[in-house]
1. Sorting His17, His184 by accessible area (1.4 Å probe), largest first, what list results?
2. Express in Å², to the nearest 10, the accessible area of Trp57 obtained by rolling a 1.4 Å probe over the protein heavy atoms while all chains stay in place.
3. Please work out the Cα center distance from the stretch 277-331 to the stretch 81-111, rounded to the nearest Å.
4. Which number comes out as Rg/Rh for the chain once both Rg and the Kirkwood Rh are worked out on C-alpha atoms?
5. In whole percent, how big is the carbon plus sulfur part of the accessible area of the chain, probe 1.4 Å, protein atoms only?
6. Sequence gap at least 6, Cα distance under 8 Å: using those rules, report the relative contact order of the stretch 1-110 to the nearest whole percent.
7. Hey, what's the Kirkwood Rh for the stretch 118-243 if you take every pair of different alpha carbons, in angstrom?
8. If the viscosity is 0.692 mPa s and the temperature 37 °C, what translational diffusion coefficient in µm²/s does Stokes-Einstein give for the stretch 244-317 when Rh comes from Kirkwood over Cα pairs?
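The values are calculated or read from the model by the stated rules, or taken from the named source; none is laboratory data. Just so it is clear, the model here is predicted, and its values are computed rather than measured. Remember, those area values only see protein heavy atoms, side chains included, never the ligands or the DNA or RNA. Shrake-Rupley method; radii C 1.70, N 1.55, O 1.52, S 1.80 Å.
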Amino acid sequence: MTPVSNLAVRDVETLIHPYTDLAAFRASGPLVLERGKGVFVYDTNGKPYIEGMSGLWCTALGYGNEELAEVAAAQMRKLPFAHLFSAKSHDPAIELAERLKEMAPVPTSKVFFCNSGSEANDTQVKLAWYMNNALGRPQKKKIISRMKAYHGVTIAAASLTGLPVNQRDFDLPIPGILHAGCPHHYRFARAGESEEDFATRLAAELAEMIEREGPQTVAAFIAEPVMGAGGVIVPPKSYFEKVAQVCRRYDVAMIDDEVICGFGRLGTAFGCQATGFVPDTISLAKALTSGYLPMAAVTVSEPMYQALLDESRKIGAFGHGFTYSGHPVAAALAVKTLEIYARERLFEAAAQKAPRFQARLNALAQHALVGEARGLGLIGAIELVADKPTKRSFALKSAVGPRAVRLAEEEGLIVRSLAGDSISICPPLVIAPAEIDELFDRLGRALDRTLDWVRRERLQEA
Ligand SMILES: Cc1ncc(COP(=O)(O)O)c(C=O)c1O
């Protein structure tokens with residue numbers, strides 16, 4: 001496709017697109033969306049697509065929610081901007097902090113607001129450092145993340161991320177960030193290793209890493225309950241239970257990145273509840289406002305708060321915060337979003353729809369191109385492989401995943417291709433059962449067409 005519409009031409013001349021092959025894009029041009037309603041978005045030609053990725057894992061309430069539009073407009077008229085610096089405050093931020101404290105699955109003393117998942121995770125790193133200085137243990141600063149983790153793109157967050165594309169030639173990671181093994185049984189378990197044994201080994205390897213580095217130098221371990229951008233990787237049974245034991249043993253704080261899994265995605269309010277662990281602190285974003293405006297938050301426990309209090313008393317101020325921390329329009333919108341989740345019992349509804357979603361997802365494992373289908377709740381992925389018995393991947397340059405995504409778009413479905421030819425699916429929580437079926441029907445047709453192309457091009461040959 002060459003960019004033909006006026007908008008497409010203007011785009012190519014003016015925009016740098018995140019996560020896009022900038023060279024290939026000059027020929028392909030963008031898919032320009034114009035409006036949305038329910039689980040559908042429409043391009044500038046009026047063609048409808050099922051938004052099978054909730055945008056970027058965020059529009060849990062789907063598109064065109066009037067209540068959200070109204071609450072934002074009302075707040076815009078009343079007080080469009082106010083900040084939280086220098087002891088200033090406003091209603092919406094206070095109310096949102098109260099709601100999050102009530103909802104949080106861990107004892108939470110205070111909430112710190114930011115605008116993105118990356119900022120939340122950068123804040124986590126800074127809080128861990130600041131807190132350990134306050135506690136008189138200035139050596140305890142290293143953070144352990146995991147291979148294939150995704151925690152964002154700012155300098156600390158991109159360092160936590162365990163994907164080469166986010167680090168290569170950006171001169172990352174920064175020192176003091178380590179990556180433990182990825183809990184993907186299909187790819188990384190040894191021959192004959194059960195899920196439990198794999199989890200035991202990963203926890204033992206984490207303990208070895210902490211011992212090697214010196215427990216007095218390791219501040220925190222950060223994890224997504226289900227890894228998102230790394231390929232929708234569901235941890236093996238008992239993984240978090242075992243990893244949490246290791247963290248406790250070495251006094252390593254657990255940071256829970258709920259940026260995707262929070263707010264019902266796994267069929268529970270928070271992802272840590274579905275995957276069985278109790279973190280010390282949580283990063284929230286995305287579905288906090290159903291993606292309608294940027295808003296993110298970090299939960300702070302009472303012991304952590306006491307340490308911040310001591311350190312800021314010593315220095316004279318807590319020197320961290322963003323102009324838009326707790327932005328009143330975004331905060332009012334988040335409060336309304338949480339109210340709708342509760343009123344419509346959307347987390348329970350997600351849990352009820354999950355078996356149908358997972359059954360349709362798992363059925364795709366039979367497809368000739370699919371090595372593994374995996375997921376939990378209303379999130380999942382299929383991994384495309386050249387050879388199922390050996391799990392051999394396609395050559396990177398064949399771009400089989402991106403082709404499948406393009407063909408899905410032709411079928412009227414938006415999904416996303418992640419590293420290693422995994423195709424992710426993460427529809428709005430409000431998706432109806434019949435729409436789940438329609439989503440997978442369209443994906444199935446796209447896979448059949450991808451297979452035809454793969455065979456024509458002989459891409460399965462080693
Ligand atoms: C688990 C996780 N953490 C952090 C981020 C970064 O969020 P943002 O893109 O808002 O900076 C993302 C984004 O997809 C994410 O999936």
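1. His17, His184
2. 10 Å²
3. For the stretch 277-331 versus the stretch 81-111, the Cα centre distance is 8 Å.
4. Result for the chain is an Rg/Rh of 0.96.
5. Answer for the chain is 56 percent, counting heavy atoms of protein chains only.
6. 14 percent
7. Result for the stretch 118-243 stands at 15.1 Å.
8. It comes out at roughly 236 µm²/s.
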